[in-house]
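Okay, structure first, notes after.
A short reminder: the numbers here are calculations on the coordinates, not readings from a lab. Just so we're clear, the structure is a prediction, and the values are computed from it rather than from any experiment. Virtual Cβ from ideal backbone geometry, glycine too; neighbours counted across all protein chains shown.
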Amino acid sequence: MKHLKSMILSILMSMTLFAQTYTDNPYTQDYADKFELGENQSSELLQVRSDRNNVMSILSSDGLLQPWEKKIVKNLQYKAITEMNVLAIDRYENQFVYLTDKAVLSNSWAGKFYIEHGLENPTNFVVAHNFTTLISTKGELVLLQSGEKVWNKSLDDFNPIDLIFDMNGKRFLILTADAVYQLQCPAKELSKVYKGENLTSFTIMDNKIILGTSNGVLTLDGKSFEAGEVNQKLPCTEITAVENINGTLWFGSTNGAFKLREDLSAEQAGGKYDYYGSKRWVVDNEVLDIAQGPENSVLVLTKKGMSKINFVEMTLEEKAAHFQKIQRLRHIRYGMTANPSFSVAGDVSTGSYSDTDNDGLWTSLYLASELFRYNVTKAEDARLNAYEAFEGMERLIEINELDGFPSRSFARDGYEEGLGSNGFSEEWRKEWVEKNGRIWRLTEDERWRWKSSTSSDESCGHFFIYALFAELAPDKEWRDRAVTLIKSQMDHIIRNDWYLVDWNGQPTAWGKWNPEYVNSFPINVGDRRLNSTLILAFLQTAYHYTGDELYKEKAYELINEHGYDENANRPASVIGKVEGEYLSDYWNHSDDRMYFLTIPAFVNYSFTEEQKQNHFEAARSHWEIERAEKSPLWNFLYAMTGGKDYDLDDSIWWLKEFPMDLVQWSNNNSDRKDIVKLEQNFRRQQYAELLPPDETYGGRGGLRESAPHDYLLPYWLGRYLAIITAPTNK
């Protein structure tokens, strides 16, 4: 009897002739630390800066504040400063400098830098070479050198927004809402170099002046001041801040922050930005200021708080270790995978467990990752975690009185929370209960309840993991338990005429592989192809591990008498909308998960080489359609079937872009101006270009945290297949 692992190894030997592997070198990973104003704080936040000591300082209408343990608190370090009326904060030589209503000063340089300016209502300032300082008021500019006023200029209708010093050009630049001025040094000649409208912010980048406006970004030549076209292909065009941070152009807006991709110049930007526009990244989307932060971070000040967006060197394995800690700390319920729900958005300390419709499926994904991790590393905790998860899945079957029926979930009596099923409406649930009885069933000992109405995606998860477990678990006793579960579930389906039959003797809503049901669909409806594939793979798996000819005979019965191989071998391109068929209104992407989890068994456990080739071509056709999603799990499962062109670069991109923060924050990309939106379509694709997962992942307003199997499984599968190498030294 051929086993899965030997098949995988033979596949790998052929793949190594053609395929490249990814060497796990450190890459730059971003994540955010967020600090919020308290509910009772009414401070208006104004500016943020950090100094060479990694101190972060926030200027507010109530003086200086500081981020501290996820909150923003008063900065009381210098009592003298707390009693001053600080109007602006900036950096000179990476040290804090302050503008008050009386002076420009600093606590650095032993506090010796102190210049009384004698101005009424100063608004902005900048400190340049040798402490030369330019200060603005409404209607006036004043230049101070060596503590003395050396130049000033009064102007009508002059209200500066910002001042910067251009070291390369040896000049000050002054921004108002309708103009840019240049003060040349040492000549002290002031001139208006550009006239515009609705200007909000500016910076210097590559000898160009980048202007933020209320409706896009404008680039001026640094010498001629000739203006280019206004760029409105941005995540948001209402710009509030522009900053050059270590050679990367950052923007703040009324709808989040974003940065120009580092592989592009300002002129090439169109649509190529990294977008930080949800509570995964910022406290709120109304950005007020952006500044360089400590240790290669970027500080984003918003109306309600401050975010420190960190950029750290990390390997994919280190990222996996981060997620492993999260899994063990917050995502284990009775040994199975769970997603905690929060009573306070984003606050993991308020998390509590509840069941889902697919406890077995989600657990199978994490369990698979631990099996692969154990076989790669021989880590004892991986073995223990895998066995613990297996026992949870095993109990899903043992807890009910039905032989071979996998419960959706189980809970102590009185603590079952998920009263619905399959995501249907409350009306659907009430109608179901009225006709069929409660979805939650009491166990014989009356201490537990198990969730009925199991669907095919649960069966898919069970067969997927038991096949892997029967091969990769290190102890024969445990492997045999997996084979027993394969047999019992397969026997249940066969015994009940190709249905999952519930406690009431009726087939469940979605556990149906009977030919009368499957072949009732036109060939263009995905369920006909999918369900045929699933049941053939289940039977092939059962035959592979038990050698019982019954399973092979039953498979050929479905193939020869009911056309299941023909159904399963149709290319995925036949799937489309069929009028009047409610299961074909759109492409069901949750069905993709079932399909790809099934294809290793569907292909590798085929009964003949001809059948195997046909099954592979069918699997490949599905992968070709889905490859635009750049899913490393789909790609690597496809590689397990013998696929050689498994889009490694796209898979690594996805793993790197997967967010470190798994809280399900809501994302709103529909208002973005930098992406091309598609018309409504069968596949429900929204945008012409795939957005990275850290800009899309989530959707529950921060009230739940996803389990990290979406990263852990493809990563450790990639390691097991030697597609991803062990990490190199930093």
Using the Cα centre of region 84-194 as origin and beta-carbon charges of +1 (Lys, Arg) and -1 (Asp, Glu), tell me which of I174, A110, N159 is placed farthest towards the positive end of the dipole. A110
If I compute P(r) over Cα pairs in 20 Å bins from 0, in percent from the structure I just sent, which labelled value in [x] 15, 41, 27, 15, 3; [y] 13, 31, 23, 22, 9, 1; [z] 16, 39, 34, 11, 0 lines up? [x]
Quick one: of K451/K512; K279/K673; K451/K656, which pairs are farther than 25 Å apart, Cα to Cα? K451/K656
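What is region 388-541 by shape, rounded, prolate or oblate, if you read a ≥ b ≥ c off the alpha carbon gyration tensor as root eigenvalues and call it rounded for a/c under 1.5, prolate for a/b larger than b/c, and oblate otherwise?
Values: a/c = 1.95, a/b = 1.05, b/c = 1.86.
Note, shape of region 388-541 comes out oblate.
Quick check on region 323-374: take the gyration tensor over C-alpha atoms, sort the square-rooted eigenvalues as a ≥ b ≥ c, and tell me if it's rounded (a/c under 1.5), prolate or oblate.
Numbers: a/c = 2.92, a/b = 1.59, b/c = 1.83.
Here region 323-374 falls in the oblate category.
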Nearby lysines by direct alpha-carbon distance to K378 (threshold 22 angstrom, same-chain neighbours under 8 apart not counted): K5, K319, K325, K476
Given R₀ = 25 Å, what would the calculated FRET efficiency be for K71 paired with E295, taking r from the Cβ atoms and rounding to 0.05? 0.75
Taking amide hydrogens as modeled 1.01 Å from N in the peptide plane, which residues meet the under 5 Å criterion relative to V283, leaving out close sequence neighbours? S307
Per-residue HN-Hα couplings for region 194-211, Karplus 6.51 cos²θ - 1.76 cosθ + 1.60 at θ = phi - 60°, whole Hz, x for Gly and Pro? 7, 10, x, 7, 6, 7, 10, 6, 7, 7, 10, 8, 6, 6, 10, 9, 9, 10
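Taking only pairs that are 8 or more places apart or on different chains, how many Lys pairs in region 84-194 have Cα atoms under 15 angstrom apart? Please list the in-between numbers first.
Details: K102/K149; K138/K153; K149/K188; K153/K188; K153/K192; K170/K188.
For region 84-194, the number of qualifying lysine pairs is 6.
Report the extension gain between E391 and K577 in nm, rounded to one decimal, defined as 0.36 nm multiplied by the number of residues separating them, less their alpha carbon distance.
On the way: separation 186, 0.36 × 186 = 66.96 nm, distance 4.10 nm.
Fully extending the segment from E391 to K577 adds 62.9 nm.
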Approximate spin-label separation Q232-T23, in nm, with each point projected 7 Å along Cα-to-Cβ: 4.7
Rounded to whole angstrom, the alpha-carbon centroid of region 699-720 lies from that of region 505-582 at a distance of 29
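Relative contact order of the chain: what whole-number percent is it, with Cα pairs under 8 angstrom and at least 6 residues apart? Walk me through the numbers on the way to the answer.
Working: 1497 pairs, mean separation 95.9, N = 730.
For the chain, the relative contact order is 13 percent.
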So between Y517 and N215, what do we pick up on full extension, going 0.36 nm a residue minus the alpha carbon distance? 103.1 nm
If amide H atoms are built 1.01 Å from N in the plane of the peptide, which residues on other chains or at least 5 residues away come under 5 Å of the amide H of L87? L99, T100, D101
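With +1 on the Cβ of every Lys and Arg and -1 on the Cβ of every Asp and Glu, and nothing else charged, how large is the dipole of the chain about its Cα centre, in debye rounded to the nearest 20?
Details: 78 positive and 107 negative charges, 290 e Å.
Once rounded to the nearest 20, the dipole reads 1400 debye.
If you keep only loop residues by DSSP, which GluC sites (Glu not before Pro) in region 169-278 have at most 12 other Cβ atoms within 10 Å of their Cβ?
Details: sites: E189, E197, E226, E229, E238, E243, E262, E267; in loops: E197, E226, E229, E238, E262.
For GluC sites (Glu not before Pro) across region 169-278 that sit outside H, G, I, E and B with at most 12 neighbouring Cβ atoms in 10 Å, the list reads E197, E226, E229, E262.
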What whole-number distance in Å separates the alpha-carbon centres of region 60-126 and region 333-380? 48
Can you list the HN-Hα couplings for region 60-74, worked out from phi with the Karplus curve (6.51, -1.76, 1.60; θ = phi - 60°), rounded to whole Hz and with x for Gly and Pro? 9, 5, 10, x, 7, 10, 8, x, 7, 6, 6, 10, 10, 10, 5
Determine ³J(HN,Hα), in whole Hz, for all residues of region 308-325 in sequence, where each value follows from phi through the Karplus function 6.51 cos²θ - 1.76 cosθ + 1.60 and θ = phi - 60°; x replaces Gly and Pro. 10, 8, 8, 10, 10, 7, 8, 9, 4, 5, 5, 5, 4, 5, 4, 5, 4, 4
FRET efficiency, R261 to E553 (Cβ-Cβ, R0 45 Å, nearest 0.05): 0.20
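Magnitude of the Cβ-charge dipole of region 84-194, K/R +1 and D/E -1, about the Cα centre, nearest 20 debye? Before the final figure, lay out each step's value.
Working: 10 positive and 13 negative charges, 60 e Å.
About 280 debye.
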